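Here's the structure, in structure tokens; my notes come after.
The values are calculated or read from the model by the stated rules, or taken from the named source; none is laboratory data. Small disclaimer: the values here were computed from a predicted structure and weren't measured. Methodologically, a virtual Cβ is constructed for each residue, glycine included, from the backbone with ideal geometry; neighbour enumeration extends over all protein chains shown. Surface accessibility is based on the protein's heavy atoms, side chains included, excluding ligands, DNA and RNA. Shrake-Rupley method; radii C 1.70, N 1.55, O 1.52, S 1.80 Å.
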Amino acid sequence: MLLVMDQKATPEEIAAVVAAVEARGYSARPIPGGERVAIGILNNKGPVDALLFLGLPGVRDAIPVTRPYKLVSREFKPEDTVVQVGDLSIGSGALTIIAGPCAIESESQALTIAEQVKRKGAHLFRGGAFKPRTSPYSFQGLGEEGLKILARVRETTGMPVVTEVMDLETFDLVEQYADVIQIGTRNMQNFSLLKRAGRAQKPVLLKRGMAATIDEWLMAAEYILEGGNLNVILCERGVRTFVHHSRNTLDLSAVPVVRKESHLPIIIDPSHAAGRRDQVIPLSRASVAVGAHGLMVEVHHAPDMALSDGSQSLYPDQFERLCRQVNSIYEVFK
Ligand code: PEP
Ligand code: MN
């Protein structure tokens, strides 16, 4: 249930409603909106009796929340969430483009790619320092050294950096360096990681599990918001299907569904969906046309030499073409 406060409700009235909700054994979560505050009632085992609260001073309306996810739902917060990363506003205004290699391999590799993608249209730089790899024999990432390189990329180019956190042990370290913390597909239901992300001071980019339903994905995001971190960006990266022509199948329909169900921004990662460079530009165009707030794309200056995901990484020139095309499409639908 969501208690909608009057536009003129005072802080004392809001505090009194919170106290009344908590006195019933529920938790109360005030959610500041553009015009008025709403108070979410959480931890109720069954239906909540609206009449308990409707008579309190300052309470204007009580709206039942029908979805299993509460804080992430549009019922709870009708207006779009805009995630602020430095000067960038993700989820409103302009299309956000995140680009960089799959993994940070060396300082010169990261700086070379960062300078190119910045020049060609990227707003944030991505690169893994801790890499979740299917094989223990594959390159696992540079770890802390990779994070230090990311910090140098930020200093040199001014671009905020996105990097993945894989486990609780390295969470503090990653949080220290990242501007946006990525949680990968394999960890979407790692509940202890999600709880820790809920206490993080940085925005979280939550990728969809490769076999997760949209409800499961939104419930995973709910863990992060419930923990107190409201800055979550969802990222569709393709789901497992029976096809062999691509690594995964990009679920474009997730975009309108998520935008209807949730106020959180949603971006698309066409690189991991496709697994092959030749599909990345067409899928990016479609992603923007279907309403994604942004893209996250793998780019490498020498993909043949890449230590991971070279075959899906775009050449810088292709990335430039991608930016040009998706920005035009975005303008059409704005
Ligand atoms: C990545 O972004 O490099 C990555 C490992 O992605 P995913 O978790 O979607 O496989
Ligand atoms: Mn990758």
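Evaluate E = 1/(1 + (r/R0)^6) for Lys148 and Arg186, where r is the Cβ-Cβ distance and R0 equals 22 Å; express this FRET efficiency to the nearest 0.05. Spell out each step's value before the answer.
Values: r = 25 Å, r/R0 = 1.12.
Step by step, r from the Cβ atoms, then E = 0.35.
Relative intensity of the chain on a log10 scale, I(q)/I(0) at q = 0.11 Å⁻¹, equals -0.70, per a Debye sum over C-alpha point scatterers of equal strength in the absence of solvent. When both region 247-308 and region 179-207 are represented by their alpha-carbon centers, they are found 19 Å apart.
The distance between label points at Ala50 and Glu331 comes to 4.6 nm (points 7 Å beyond Cα on the Cα→Cβ vector). What the Cβ-Cβ distance of Thr10 and Asp167 gives, at R0 = 45 Å and to the nearest 0.05, is a FRET efficiency of 0.50.
What percentage of the solvent-accessible surface of the chain, computed with a 1.4 Å probe over protein heavy atoms, is contributed by carbon and sulfur atoms?
Working: 7590 of 14450 Å².
Answer for the chain: carbon and sulfur cover 53 percent of the accessible area.
Net charge near Ile268, counting Lys/Arg +1 and Asp/Glu -1 over other residues with Cβ under 14 Å of its Cβ?
Details: positive: Arg126, Lys207, Arg208, Arg237, Arg259, Arg285; negative: Glu236, Asp251, Asp269, Glu298.
With Lys, Arg at +1 and Asp, Glu at -1, the neighbours total +2.
Can you give the accessible area per residue of region 153-217, in Å², using a 1.4 Å probe? Could you put the intermediate results ahead of the total?
Details: 2570 Å² over 65 residues.
For region 153-217, the solvent-accessible area averages 40 Å² per residue.
The H on the amide N of His263, modeled in the peptide plane, is under 5 Å from the matching H of Arg74, each at least 5 residues off or on a different chain.
Counting only residues at least eight positions apart within a chain, or on another chain, the lysines with an alpha carbon under 21 Å from that of Lys148 are Lys118, Lys131, Lys202. Pairs of Cα atoms nearer than 8 Å and 6+ residues apart set the relative contact order; for region 27-115 it is 15 percent.
How do the peptides 103-114, 136-147 rank, highest first, by the average count of neighbouring beta carbon atoms within 10 Å per residue? Each step should come with its number before you reach the end.
Numbers: 103-114: 20.9, 136-147: 16.0.
Packing order, densest peptide first, comes out as 103-114, 136-147.
Here the simple spin-label model places points 7 Å from the Cα toward Cβ, and for Ser253 and Ser92 these points are separated by 3.1 nm.
Summarising the label geometry, the points placed 7 Å from Cα in the beta-carbon direction at Arg276 and Thr156 lie 3.4 nm from one another. Summing Lys and Arg as +1 and Asp and Glu as -1 over all other residues whose Cβ lies under 12 Å from the Cβ of Ser287 gives a net charge of -1. Most mobile of Val243, Val18, Val72 per a Gaussian network model of the chain (Cα springs, under 10 Å)? Comparing Val243, Val18, Val72 in the GNM, the peak value goes to Val243.
Highest mean packing first, where packing is the average number of other Cβ atoms within 10 Å per residue, the peptides 195-203, 293-301 line up as 293-301, 195-203.
Across the chain, Cα pairs under 8 Å and at least six residues apart give a relative contact order of 15 percent.
Order of 5-13, 214-222, 313-321, 81-89 by packing, highest average Cβ count within 10 Å first? Please report the intermediate quantities before stating the final value.
On the way: 5-13: 14.0, 214-222: 20.8, 313-321: 19.0, 81-89: 15.6.
Going from most to least packed, we get 214-222, 313-321, 81-89, 5-13.
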